[in-house]
Amino acid sequence: MKKKIIVGLSALLVANIIWGVMAPLLKELLNTGVMSGMTVSVVRMISCTILFWVLAWILPKRITGDQPIVMKDMPLVLVGSLLFIVGTQSLSNMGAEYTYPVDAAVCCSTTPIFTLILGAISYHKKFPPFLKILGVLMGLAGVLIFIFATAENPEMHVTNPLLGDTLCVLSQVCGAIYLVFFIGLVSRYSCFALMKWLYTLSTICVLPFTYGDLVAVPWTELTGKAWFALAYISILGSFVGYLLIALAQKNVTPTVIAMCNYIQPITAAIYAAILGLAVITHENVIATLLIFVGVWLVNKQGNELKTE
């Protein structure tokens, strides 16, 4: 059990650091004006679909763990793809167009609130233990400090932060629904097989509606920095990040997964400060401590794997 917890938490740590760095990179890419948030999301889906199928073809199954999806599970996988891939990625990318990068990372850390409520309704039928609630609230307090204490650059093309923040929060509602209600599906299939089909079905669903915008992108006008950001977002932020979350989902509870989202604003704030887009203050240090104590309290309440 301890080994499973270590594997799960390690996967969560790496995934959320990747996503924290991705927030400022995504904002810089969107600021170029060559593509919208939705277009970036489609590129992410297509890139991951290609990567999963190529690796499934060239690598042995003993390495990838690839396996066929039972036909009766395909409708569930389709709904999962709309929630976990289309919902989370598209809404968060569109939200990043209108708000600050650190704010976007902060809003994408609200999953524990929705996970806690949905988990209580679907599994326990009663409110979660006090320490778990306290851990979530401490993490939320840390996030709120980030919102009000992080100094941002006003020249970041922020046009409607309220809309942007709302879209980012809605993206986390989609993620929370998936984390809580699709744990049985995750337990039946390997991480690789499930993510391959989640991305494949999401691409099939979205591409017909976004093909025109995709081909209209002036690809030759993208700078080397923009290509790097797009590659980071598509490969590390999507392929590696979501594969790590699928691995974590097999080893720790949905609330612990959601709580580790609080690592994102810490990483985003540090990276944004390096780029000159934010300033790290003593309030940020206090927020960091609140977040990690919150994670510890949730983890202390137990990490048993819940299945259907």
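Things worth noting here:
- Pairs, first over 15 Å from Ser187 (Cα atoms) in the range 71-84, second β-branched (Val, Ile, Thr), C-beta under 7 Å, six or more apart: Leu83/Ile177
- Enumeration of residues in the range 42-64 that are modelled with pLDDT under 90 and either assigned to a helix (DSSP H, G or I) or closer than 20 Å to Gln249 by Cα (or both): Lys61, Arg62, Ile63, Thr64
- Here Gln67 meets the list (1) in a loop (DSSP other than H, G, I, E, B); (2) without any contact (Cβ under 8 Å) to a residue 40 or more places away in the chain; (3) within 23 Å of Leu243 (Cα to Cα) almost entirely, failing just condition (2).
- From the options Pro129, Pro75, residue that is at pLDDT 80 or above, out of contact with any helix residue (DSSP H, G or I) (no Cβ under 9 Å at 6 or more places or on another chain) and open to solvent by 50 Å² or more (accessible area, probe 1.4 Å): Pro75
- Within the range 189-218, the set of residues being among the hydroxyl-bearing types (Ser, Thr, Tyr) and outside any helix (DSSP H, G or I) comprises Tyr189, Ser190.
- Of everything listed in (1) open to solvent by less than 10 Å² (accessible area, probe 1.4 Å); (2) under 19 Å from Ser122 (Cβ atoms), the single unmet condition for Ser187 is (1).
- Of the candidates Ser109, Ser92, the single residue that is farther than 17 Å from Met195 by Cα, assigned to a loop (DSSP other than H, G, I, E, B) and of a type in the set (S, T, N, Q) is Ser109.
- The requirement of being modelled with pLDDT of 90 or more, open to solvent by 60 Å² or more (accessible area, probe 1.4 Å), touching a Leu at 6+ places or on another chain (Cβ under 8 Å) and closer than 24 Å to Ile263 by Cα is satisfied by Val14.
- Qualifying residue in the range 247-254 (condition: of a type in the set (A, V, I, L, M, F, W, C), open to solvent by less than 40 Å² (accessible area, probe 1.4 Å), closer than 30 Å to Leu116 by Cα and not in a helix (DSSP H, G or I)): yes
- Ser90 meets the stated requirement of being open to solvent by less than 10 Å² (accessible area, probe 1.4 Å) and either closer than 21 Å to Ala231 by Cβ or among the charged types (D, E, K, R) (or both).
- Some residue of the range 23-43 being open to solvent by 30 Å² or more (accessible area, probe 1.4 Å) and without any contact (Cβ under 8 Å) to a residue 12 or more places away in the chain: yes
- Within the range 184-209, residues that are closer than 23 Å to Trp57 by Cβ have Cβ atoms under 7 Å from residues that are among the hydroxyl-bearing types (Ser, Thr, Tyr) and surrounded by fewer than 21 Cβ atoms within 10 Å (Cβ to Cβ) in these pairs: Phe192/Thr64, counting only partners at least 6 apart in sequence or on another chain.
The values are calculated or read from the model by the stated rules, or taken from the named source; none is laboratory data. Computed from a prediction, not measured in an experiment: that's the story for all the values here. Please note: Cβ atoms are built from the backbone with ideal geometry, for glycine as well, and neighbour counts cover all protein chains shown. Accessible surface areas use protein heavy atoms only, side chains included; no ligands, DNA or RNA. Shrake-Rupley method; radii C 1.70, N 1.55, O 1.52, S 1.80 Å.
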